[in-house]
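Every read-out reported here was derived from the displayed coordinates using simple, explicitly stated rules and does not represent laboratory data. It should be emphasised that the depicted structure is a prediction, and the values quoted were computed from it without experimental measurement. Cβ placement follows ideal geometry from the backbone for every residue including glycine, while neighbour counts extend to all protein chains displayed.
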Amino acid sequence: MRQQRRSRAPRWILSLLLISMATVATAGIWWYRARLASRKLPAEQYALTDVRRADLFPRIRASGRTQSNKNTVIHCELERFEGAQGDGSGGASVVLQLIPDGTRVSRGDVLAVLDSSDYVEMERVQKMNVEQARAARLQAELDHEIARLALLEFRDGTMKEMIEDYRQRIMLERSDIEREQDRLHWTHSMKDKGYVSVGTVKTEEFTLAKLVATLEQDQGALDVYEKYTAPRTIRELEGVILGAEANVAYETLRLQQQSNRLAKLRKQVELCTIRAPHDGYVIYANNPRREIFIEEGMPVRQNQTLFYLPDLGSMEVLALLNESVVDQVRAGMPAVVTVEGLPNRTMHGRVTKVAQLPMPPNWRIDSHYFEGIVRIDDPVAKLMPGMTAQVEVEIPVREDVLAIPPEAVASDDGRDVCFVVHGENLERREVKLGQVTEELTEVTAGLMEGEQVVLNPDLDELEVAVAAPSPPPTASSSAFDGATDATAAGEIASSH
């Protein structure tokens, strides 16, 4: 009886195990079928977009600061002048009035007023010097005119009158000689007839000789006057004229120098009132290292820098271009500029210069940056130097390229990846990108036109979804395995 009871117990256990294994296998099959029925397609689980061809209008963005490309340096232009007694001004003065630092000014506005009293006094004295020089020049011109008239008087008057007088005297003397020769001839004939004495003849001969000597003397005097005296006198008068001309030139130069000095002094008086050469923004030229602070009452010297005046009508942006995009930027490219301090205000300009070498490295930043200059063509009214700006450089259009939205690209360890719909599953692909815009990103490798990719992919979630699922178990294999396990259990129980 005990042996029969022991043989029945294993059969009961074996039946129980077989029923349990069958129940588990059936439940597994129904669970797997339910899972397959509840599994959704990628289009039902994720937001997708198509890979398509499009035209891109890319822009390169860079940050920077506004500045003026015409930053005028205004300094003290006073010069040193010596007075008549050796005193004067050494190009130094005192600031009497200043415009506040940071003031926007227009051309001609007064920036500062310096003490001009020394220059005003020198200007007053110089006016008298100019009048004296002018009077001296007038006297020199009068002397020159008198010397010129003296030459004309002698050459056209006195000399001709003297020569004519000599010639008339010579003509009369010749007439007297002819008459005396006739008288002497008559006297000789009368002497031969005994009517006149020998003394009378001698007297007539002496008279004739005297007349001949006088004629020769006057003829010689005329020759000397024409050959020597008159030319010498003309040369002397011409020398006087040349001297008068030189004196006129000297007095003219002296007057010009005195007038130039007066004009410079007047200019110095004007320079004591410093005015803005153009529209701009006043910045004091303070130098804390040398303890120089621009303020009223301070002494200033010649060529001392007082202000910096950026021209607000000629503004530009110093933009920092990343090394990854700098090779795409060229001078002449159009750009759009926005300033943080001036919201909703857009300005337009063009790239004028791109640095060939990067800026010195910064230990806080791994990337290298290049300086680019963007000239602003239409600066707004309140634009100031030093304001933070954003620049968008418009590079050439990319036509008919493969493109997807930027939201479809994820970054994984420095590589760009997309999740592509492949049947009922997703496929992870590494892609290469080209130009990027706000709406689209160019894809140069990794995708084909017409494929679909996931928008805003979550790497952790999609990596699990991309993993290949395990093959589902079959009902026969599960039952067989259960029966085998049950038989083994029964055998174990029988042995016990």
ask   = Given the Cα-Cα distance of His185 and Gln168 and 0.36 nm per residue of separation, how much length would full extension add, in nm?
value = 3.5 nm
query = By counting other Cβ atoms within 10 Å of each Cβ, how are Phe81, Phe307 ranked from fewest to most?
reply = Phe81, Phe307
message = Please list, by residue number, everything in the stretch 378-408 whose backbone N is under 12 Å from a paramagnetic label point 7 Å out along Cα→Cβ of Phe57.
response = 394-395, 397-398
task = Note down the magnitude of the dipole of the chain about its Cα centre, charges +1 on Lys and Arg C-beta and -1 on Asp and Glu C-beta and zero elsewhere, to the nearest 20 debye.
result = 2040
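Determine one quarter of the surface area of the Cα convex hull of the chain, which equals its mean projected area, and express it in nm² to one decimal.
Working: hull surface 231.0 nm².
With the hull built on Cα positions only, its mean projection is 57.7 nm².
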request  = State, to one decimal in nm, how far the label point of Ile13 lies from the label point of Glu178, with both points 7 Å from Cα in the Cβ direction.
outcome  = 19.9
task = Pull up all non-local amide H partners of Leu433: gap of 5 or more, or a different chain, and H-to-H distance under 5 Å with H placed in the peptide plane.
result = Thr444
message = Need one number: nm distance between label points at Glu131 and Glu161, each 7 Å from Cα along Cα→Cβ, rounded to one decimal.
response = 4.2
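Give, to the nearest whole percent, the P(r) tail of the stretch 120-271 beyond 23 angstrom, counting all Cα pairs. Intermediate results must be reported in sequence, preceding the final value.
Working: 7449 of 11476 pairs.
Percent of Cα pairs beyond 23 Å in the stretch 120-271: 65.
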task = Work out the count of Lys pairs in the chain where the Cα-Cα distance is under 15 Å, with the pair 8 or more places apart or on different chains.
result = 5
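Mean separation of Cα pairs under 8 Å and 6+ residues apart, divided by the residue count of the chain: what relative contact order is that in percent?
28
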key: Rg over Rh [alpha-carbon atoms, Kirkwood Rh] for the stretch 237-366   = 1.28
remark   = Going fewest to most other Cβ atoms within 10 Å around each Cβ, Asp311, Asp460 line up as Asp460, Asp311
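Ignoring everything except DSSP H segments at least 4 long, calculate the 222 nm mean residue ellipticity for the chain; use -39,500 (n - 2.57) per segment, divide by total residues, nearest 500. Before the final figure, lay out each step's value.
Working: 8 runs with 211 residues, N = 496.
Roughly -15000 deg cm²/dmol at 222 nm, from the helical runs in the chain.
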request  = Taking the dipole about the Cα centre of the stretch 120-271, with the C-beta of Lys and Arg at +1 and of Asp and Glu at -1, give me whichever of Gln139, Leu152, Ala213 is farthest to the positive side.
outcome  = Gln139
message = At q = 0.20 Å⁻¹, what log₁₀ I(q)/I(0) does the stretch 100-173 have when each alpha carbon counts as one equal point scatterer in the Debye sum?
response = -0.94
message = On a full-extension model of 0.36 nm per residue, what is the gain between Arg275 and Val224, subtracting their alpha-carbon distance, rounded to one decimal in nm?
response = 10.8 nm
